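Below you'll find the structure, written out as structure tokens, and then a few comments.
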Amino acid sequence: MGRLMTIREVRNAVLSGARSATDVCRETLARIDALNPMLNAFNTVIADRALARAAAIDRDRDRWRDAPLAGVPVAIKDNICTHGVRTTASSRMLEDFIPPYDATAVIRLEAAGAIVVGKTNCDEFAMGSSNETSAFGPAHNPWALDRIPGGTSGGSAAAVSAQLAPFALGSDTGGSIRQPASLCGVVGLKPTYGRVSRYGLIAHASSLDQIGPIARTVGDVAVALRVLAGADHADATSAPDPVPDYAAALTGDVRGARIGIPRTLLEEGVDPGVSGAVMDALDVLKSRGATLVDIDLPHARYATPVYYLVSTAEASSNLARYDGVRYGFRASASPESRIPIPDLRQMYARTRAQGFGREVKRRIMLGTYVLSAGYYDAYYLKAQQVRTLILRDYDRAFERVDVVAMPTSPVAAFKIGERIADPLQMYLIDVFTVSANLTGLPAISVPCGFTADHLPVGVQLTGRRFDEATLLRVADAYERDTEWSKQLPPILSR
Amino acid sequence: MLAFGMTAFTRDAVAAIAALANLELDAAEIDLFARQLGDILAYADEVQQIDTTGVPPTASVVPRHAVDRPDEVRPSLDRDEALANAPDAALDAGLFKVPRVIG
């Protein structure tokens, strides 16, 4: 596989006969074999199954003529269910869980010709900002192996960055697609809440979770989104809005586009290398005819505490299902024995003590507390009211602008182990990403340069509800004018 | 109401929350969470200062649309498949098994 092969290049090569799907698949698997021991990006690789699917496509190429992802390898975050393929959410709790059904997103990708090559590492139950809460150890950043890839879809972003797959699925509850995409130098999109079915996504916080693509180019993200998007009877929150041809919206023209910059929000706590790259990116868009507009999002600075109140409340409820009865791990009377614990409540409590890691327990505790009698109004209800104020801030901004721009992450990739001991410091990294989840708005992270240490920086664009087309158009226009996405991480030149 | 203050957590308070959450915590975890939950909620206290008089809560951002469908019998998960991931199941009877709860 030639370097820098995008979704569209792979598909065209497969359908024209220039490359067989089997060839592409073999090379992808060989690269995973070679690099994954350093990256730990995959929890599970399904070589035989992937090669069998590739062979099926090669046998019947005509049938796939109109398939937008014919023969394109894809990596799936390990909290998205795959029928018959272990899906762990990077937790001991689900270490041996074999889903009896596929997530709708996976069904759609496979129907479009994509070939699932494996399941990617992530923070446990998608709770974290660095991939370090994974029960299987962190994935590593292809740009600097001693650094985190970001979280929670760290394995997906690392895999795409190191070209272990042309694209990957992530999930985003508070920035978990965009932040690792930013830190690994690739493109990541969190679609509008409801744009992509959540059926088969292991729930973290149901009012915030959304599945989306991570790829090397905006064009590839557009192709993947069109396949993923649309109503699904299995997810009542999925939206019936028509799905446009996103790739057709990529005209390269941003003349007249109004880009809002919340300057007050960016005054504190942003690494100078990050803010410099983001401001340069905005200048590029301006030089192509976009208008930069100062905006105010007065409640956005409360988004992080609001997010941690709302998301942990939902998580504590969602994770109540892991009780050692219907699926997953069940604790025994002693770790070595298989002797059952005789008391039901004790079995529940010990199963959860041994099956969950520390970050998951911390969030269950916090969520249980903010939902408990006497504290519900002060924390959970109050947070939901401030969520309304944040929504109103954005609604008001979108009367004046078409997209809102800011850094995706206030810092570039930090060293593994540097921040994991202090959960609050870790939570604060999500300051720019959580608003899109609280509001349901679509947001994309696009590579926009490097820090002095040559670590990737991403600019985040947020758009109007169900207006991914504008978001992608602006992001693509920027990408056309810059060379960031063509740079390769050092792991590829070893 | 649980007997603890807004953001200072005693070990007993942490143990009470853990009981609500069906979580067995060891002594070290109780100490750690007593400190960390306090830190995180102290940070969240700035949210308390915002005037939200008359502001409705947002629980969901789903635009309203009809999600009704005909109530028809359709194929669903096979019983053996549904039981296949259970740590302890009686496959013949089609049941999940738990420790005895009735004396």
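Calculate the tail of P(r) for the range A:202-288: the fraction of all Cα-Cα distances greater than 15 Å, expressed in %. Display every interim value, and only then the final one.
Numbers: 2789 of 3741 pairs.
When all Cα pairs of the range A:202-288 are counted, 75 percent exceed 15 Å.
With a/c under 1.5 counting as rounded, go ahead and sort the range A:352-494 into rounded, prolate or oblate using the C-alpha gyration tensor (a ≥ b ≥ c being the square roots of the eigenvalues; past the cut-off, prolate if a/b is larger than b/c, else oblate).
Working: a/c = 2.83, a/b = 1.26, b/c = 2.25.
Oblate.
Net charge dipole, the range A:1-128: roughly 360 debye, given to the nearest 20, about the Cα centre with Cβ charges of +1 for Lys and Arg and -1 for Asp and Glu. Between amide H atoms placed 1.01 Å from N, distances below 5 Å from A:Leu292 occur with A:Ile259, all of them 5 or more places distant or on a separate chain. With bins 10 Å wide beginning at 0, the percent of Cα pairs of the protein assembly as shown falling in each bin runs 4, 18, 28, 27, 16, 6, 1, 0.
Give the whole-number value, in cubic angstrom per residue, of the convex hull volume spanned by the C-alpha atoms of the range A:34-121. Intermediate values should be presented prior to the final figure.
Numbers: hull volume 8.5 nm³, N = 88.
Output value, Cα hull per residue: 97 Å³.
Under the criterion of Cα pairs below 8 Å and six or more residues apart, the relative contact order for chain B equals 16 percent.
The distance separating the Cα centre of the range A:236-290 from that of the range A:350-369 comes to 37 Å.
Dipole of chain A computed with +1 at Lys/Arg Cβ and -1 at Asp/Glu Cβ about the Cα centre; of A:Gly355, A:Tyr379, A:Leu488, farthest Cα towards the positive end is A:Gly355.
All Cα-Cα separations within chain B were binned at 10 Å from zero, giving a P(r) of 10, 19, 19, 24, 23, 4, each value a whole percent of the pairs. The residue list A:Thr192, A:Leu297, A:His204 was ranked by how far each Cα lies along the charge dipole of the range A:182-320 toward its positive end, using unit charges on Cβ atoms, and A:Thr192 comes out on top. At q = 0.14, 0.21, 0.26 Å⁻¹ the log10 of I(q)/I(0) for the range A:267-339 amounts to -0.75, -1.05, -1.16, computed by Debye summation with a single uniform scatterer per C-alpha, solvent ignored.
Hey, what D do you get for the range A:390-453 in µm²/s if you plug the Kirkwood alpha-carbon radius into Stokes-Einstein at 4 °C and 1.567 mPa s? Using the Kirkwood radius from Cα pairs, D works out to 93 µm²/s.
Its Cα gyration tensor gives the range A:1-159 an equivalent ellipsoid, and the semi-axes of that ellipsoid, as √(5λ) in whole Å with the largest first, are 28, 18, 12.
What GluC sites (Glu not before Pro) does the range A:275-371 have in DSSP loop regions with at most 12 other beta carbons within 10 Å? Display every interim value, and only then the final one.
Values: sites: A:Glu314, A:Glu336, A:Glu359; in loops: A:Glu336.
In loop regions of the range A:275-371 (DSSP not H, G, I, E or B), the sparsely surrounded GluC sites (Glu not before Pro) are A:Glu336.
Report for the protein assembly as shown the percent antiparallel among DSSP-assigned beta bridges with both residues inside it, nearest 5.
Details: 35 of 49 bridges.
Antiparallel bridges make up about 70 percent of those DSSP assigns within the protein assembly as shown.
With a Förster radius of 30 Å, plug the Cβ-Cβ distance of A:His233 and A:Asp96 into 1/(1 + (r/R0)^6) and report the FRET value to the nearest 0.05. Mind showing how you got there, number by number?
Details: r = 30 Å, r/R0 = 1.00.
Taking R0 as 30 Å, the efficiency between A:His233 and A:Asp96 is 0.50.
Taking the Cα centre of the range A:274-432 as origin and assigning +1 to Lys and Arg Cβ atoms and -1 to Asp and Glu Cβ atoms, the resulting dipole is close to 760 debye.
Amide H contacts of A:Val116 (H built 1.01 Å from N, in plane; Pro and chain starts excluded): A:Val74 sit under 5 Å, all sequence-distant by 5 or more or on other chains. Taking the longest Cα principal axis of chain B as reference, the axis of helix B:27-48 is set at about 70 degrees. Which whole-number percent gives the relative contact order of the range A:411-494, counting Cα pairs below 8 Å spaced six or more residues apart? Relative contact order for the range A:411-494 comes out at 23 percent.
Would you please classify the overall shape of the range A:86-140 from the alpha carbon gyration tensor, given that a ≥ b ≥ c denote the square roots of the eigenvalues, rounded means a/c under 1.5, and beyond that prolate means a/b larger than b/c while oblate covers the rest? Let's see the in-between values first.
On the way: a/c = 2.54, a/b = 1.72, b/c = 1.48.
Prolate, since a/c reaches 1.5 and a/b exceeds b/c.
Measuring nothing but how far apart in sequence close Cα pairs (under 8 Å, 6+ apart) lie, relative to its length, chain A scores a relative contact order of 18 percent. Between rounded, prolate and oblate, where does the range A:115-196 land on the alpha carbon gyration tensor, with a ≥ b ≥ c its root eigenvalues, rounded for a/c under 1.5, else prolate if a/b exceeds b/c? In terms of gyration-tensor shape, rounded.
Tell me, A:Val72, A:Val360, A:Val431 in order of fewest to most beta-carbon neighbours within 10 Å? List each step's numbers first, then the result.
Details: A:Val72 32, A:Val360 27, A:Val431 23.
Final ranking by Cβ density, sparse to dense: A:Val431, A:Val360, A:Val72.
Hydrophobic long helices, here whole DSSP H runs in chain A with Kyte-Doolittle means of at least -1.0 and Cα atoms spread over 24 Å or more along the helix axis, are found at A:21-39. What angle do you read, to the nearest 10 degrees and between 0 and 90, between the alpha-carbon axis of helix B:11-20 and the longest principal axis of chain B? Here the helix axis deviates by roughly 30 degrees. Report, in whole Å, the centroid distance computed from the Cα atoms of the range A:408-482 and the range A:187-208. Each part's Cα centre sits 17 Å from the other's.
Every read-out reported here was derived from the displayed coordinates using simple, explicitly stated rules and does not represent laboratory data. Owing to the predicted nature of the structure, the values given are computational and were not obtained by experimental measurement. Heads up, the Cβs are rebuilt from the backbone with ideal geometry, glycines too, and the neighbour counts pull from every protein chain shown.
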